[in-house]
Structure formats: structure tokens, C-alpha cells
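To keep things clear, I will list the structure first and then write my remarks on it.
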Amino acid sequence: MDVPVFISYSHQDKDFVDKLAVQLVRQNVHVWVDRWELSVGDSLIDRIQDAVDGASALLVVLSPESVQSEWCKRELSAGLLRELEEKRVVVMPVLLRDCEIPIFARGKFYADFRTNFDDGLRAVIDGIAKVTNASLSRVQEDTYHVDWSINSGFNDEGNVAVKATFVQVPKSEPYTCLTEVVIIGDGEASEEFRRVTDQANVETARLRVWEQFAASIDGVGELRALLEDAEEKSFQVPFSFGGGLMMGFISSRRLGEDTGKDILLNVAGIINESRDQMRNVLSRPA
């Protein structure tokens with residue numbers, strides 16, 4: 001199940017919120033709107049708190065009514081606390097009508113809907129992309145970052161192929177490391193991939209493959225590539241998936257200046273980090 005985007009708003013702005021939520025759903029974004037989610041007998045406070053705690057992003061609709069709403073202030077406080085603690089939660093102001101801008105929003109990028117709905121919608125989609133897209137991201141570490149993306153399709157034989165690319169960029173070294181992973185499934189594994197896609201979505205199917213792949217790597221110990229020169233280092237990792245078999249082909253190489261030093265690349269580490277980020281976006285338990 002996708003992690004929802006929570007919309008905090010005054011009920012006087014409900015018509016606008018319904019329009020915004022419908023457009024986000026059409027962009028395959030899972031949204032949480034209280035009037036859509038709450039049932040008779042639900043605890044209002046508990047359900048809203050749970051929704052804010054589990055959200056990937058908090059859209060705060062700003063209008064003269066919402067900035068005076070105690071409910072909106074409570075939801076905003078919970079969202080800002082999570083943003084500070086987790087670093088990945090997006091709290092994004094959505095300016096609907098002129099009003100006194102809260103202090104938290106004055107230094108933030110915001111989506112402006114005052115004059116053009118489509119422009120505001122594009123700003124929202126761009127702003128929440130990093131926490132709602134399970135197909136590409138950046139892993140930020142102290143001395144380097146890794147940009148990665150993953151996609152999938154089917155080859156001429158009808159078998160699933162999952163491909164991921166990683167580019168590791170050190171902050172203070174004149175080189176980068178490129179790792180490519182291609183996973184090919186047999187007939188049974190490909191049918192399982194289709195089944196999960198039909199039952200959930202393709203992002204969840206890719207995550208299931210990636211989890212099995214990462215577990216197989218962990219099962220044989222840490223996978224590291226010693227990059228001594230421009231030559232590519234390759235590995236093959238077989239694993240089971242849905243009663244079928246998949247084969248992962250891994251290749252790593254270095255690019256850029258030759259510093260005279262060998263590079264020990266933790267391939268298992270970057271695969272596990274991308275798996276964790278995909279889980280965060282898709283809200284799958286570890």
C-alpha cells in the first residue's frame with residue numbers, strides 16, 4: 001500500500017481540496033482526506049494522528065480560515081516534528097487565498113493556487129516527488145551520495161526484466177563508480193511478477209523482486225567489488241521468486257581520474273539502501 005499524502009485544510013475549503021485530491025489520484029498519488037477516510041464511530045483524533053504519523057507528505061492548504069483552525073495547527077505541528085526527525089517527510093504549504101503566512105511557511109517553497117490551478121498542481125507534484133516516487137532517488141551519506149533508478153519490462157520471450165543503475169559520487173574525489181543490475185526471470189517468476197502487478201502495482205512488484213534479490217546477496221555474505229582500474233567487475237546472483245527462478249547480473253566499474261588508489265565498493269550496501277528507500281515510499285514493513 002502506498003504511503004499517503006495527507007491534506008490539512010479548513011472544511012470551508014473542501015471543494016478545492018476535493019479537486020486537488022482527485023487530480024493527485026489521477027497522477028497515482030495516494031492521498032488521505034478526512035472526509036474520504038473516516039467512518040461512523042471512528043475516533044477523529046486517533047485516526048487523524050495515525051494518518052499524519054504514517055504520511056509521506058503533508059500538504060497544508062493556507063487560507064484565512066485554515067490559519068485560524070486549531071485542527072490545522074495540530075496536524076501541522078505533528079507533520080513538522082516528523083520532518084525534523086526523519087528528514088524525508090515533506091511539509092509543503094499550498095497557498096489557496098491571500099492570508100497571513102505562518103512562520104513555518106515563510107522560508108519554504110510553496111505551491112501557489114491563487115491565480116492558476118494547473119500551475120499550483122504541477123508545483124505540488126514536483127514538490128512531493130521525492131517521497132512518492134519509488135523508482136528513483138538519492139542516498140545521501142557524509143562523504144558521498146548515490147543516485148539510482150529502477151525500471152522493469154518484459155523481453156521478447158515474455159520474461160520479466162528488472163534493471164537498476166547506481167552512480168556513486170564521492171564529495172572530495174575526482175571519480176565516480178557506476179553499478180548496473182539486470183535481473184531476468186523465468187516463466188514462473190514472470191507470472192508471479194504479473195500477478196503482484198495486477199494485485200497491487202508495478203512498483204510493489206519491483207520491490208518484491210528487489211527484496212528477494214537483496215536477501216539472496218545477504219545470504220552469501222557482503223558483496224564488494226575491488227575496482228583497481230577501468231576494468232568492469234561482474235557478479236551473478238541466482239534467487240527464487242514466486243516458485244520460479246531469477247538471475248541477477250551485477251557489473252561495477254570506476255570512471256574519472258585515476259588516483260592511484262583502489263576502490264572497495266560496497267555493492268550490497270547500495271542495493272540495501274535502495275531497497276529501504278523503496279520500502280519507505282511504498283510503506284512495506286521490513
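General remarks:
- Considering segment 31-56, and only residues there that are surrounded by 16 or more Cβ atoms within 10 Å (Cβ to Cβ) and modelled with pLDDT of 55 or more, the residue that is nearest to ASN201 (Cα to Cα) turns out to be VAL31.
- Residue in segment 255-273 that is within 16 Å of TYR144 (Cβ to Cβ), crowded, with 16+ Cβ neighbours inside 10 Å and of a type in the set (Ser, Thr, Tyr) present: no
- Residue match in segment 161-176 (condition: at pLDDT 90 or above and either assigned by TED's automatic domain parsing to the domain that holds ALA57 or over 30 Å from ASP258 (Cβ atoms) (or both)): yes
- The lone exception for VAL67 - which of (1) modelled with pLDDT of 85 or more; (2) outside any loop (DSSP other than H, G, I, E, B) it fails: (1)
- Test: residue in segment 117-135 that is surrounded by fewer than 13 Cβ atoms within 10 Å (Cβ to Cβ), under 17 Å from the mean Cα position of the chain (by Cα) and in a strand (DSSP E or B): no
- Segment 216-238 residues that are among the polar types (S, T, N, Q), paired with ones that are surrounded by fewer than 17 Cβ atoms within 10 Å (Cβ to Cβ) and modelled with pLDDT of 85 or more (beta carbon under 8 Å, 6 or more apart): SER216/PRO238; SER234/PHE249; SER234/SER251; GLN236/MET247; GLN236/PHE249
- Selected residue (criterion: nearest to GLU188 (Cα to Cα)) from residues of segment 239-258 that are at pLDDT 95 or above and in contact with a Gly (Cβ under 9 Å, 6 or more places away or on another chain): GLY244
To keep it simple, each residue is scored yes or no on (1) under 28 Å from LEU264 (Cβ atoms); (2) under 23 Å from the mean Cα position of the chain (by Cα); (3) among the aliphatic types (A, V, I, L, M).
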position: SER149; (1), (2), (3): yes, yes, no
position: ALA161; (1), (2), (3): no, yes, yes
position: GLY185; (1), (2), (3): no, no, no
position: ALA215; (1), (2), (3): yes, yes, yes
position: GLU228; (1), (2), (3): yes, no, no
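- Test: residue in segment 254-270 that is closer than 13 Å to VAL160 by Cβ and touching a strand residue (DSSP E or B) at 6+ places or on another chain (Cβ under 9 Å): no
- Subset of segment 235-250 (residues that are loosely packed, with under 15 Cβ neighbours inside 10 Å and within 18 Å of ILE270 (Cα to Cα)): GLN236, PHE249
- Yes/no for SER274 being modelled with pLDDT of 90 or more and farther than 30 Å from VAL31 by Cβ: no
- A single entry from GLY242, GLY269, GLY260 fulfils the requirement of being more than 30 Å from GLU173 (Cβ to Cβ) and in the same structural domain as VAL169 (by TED's automatic domain parsing): GLY242.
The values are calculated or read from the model by the stated rules, or taken from the named source; none is laboratory data. Since the structure is predicted, the reported quantities are computational estimates derived from the model, not experimental observations. Backbone-built Cβ (ideal geometry, glycine too); neighbour counts: all protein chains shown.
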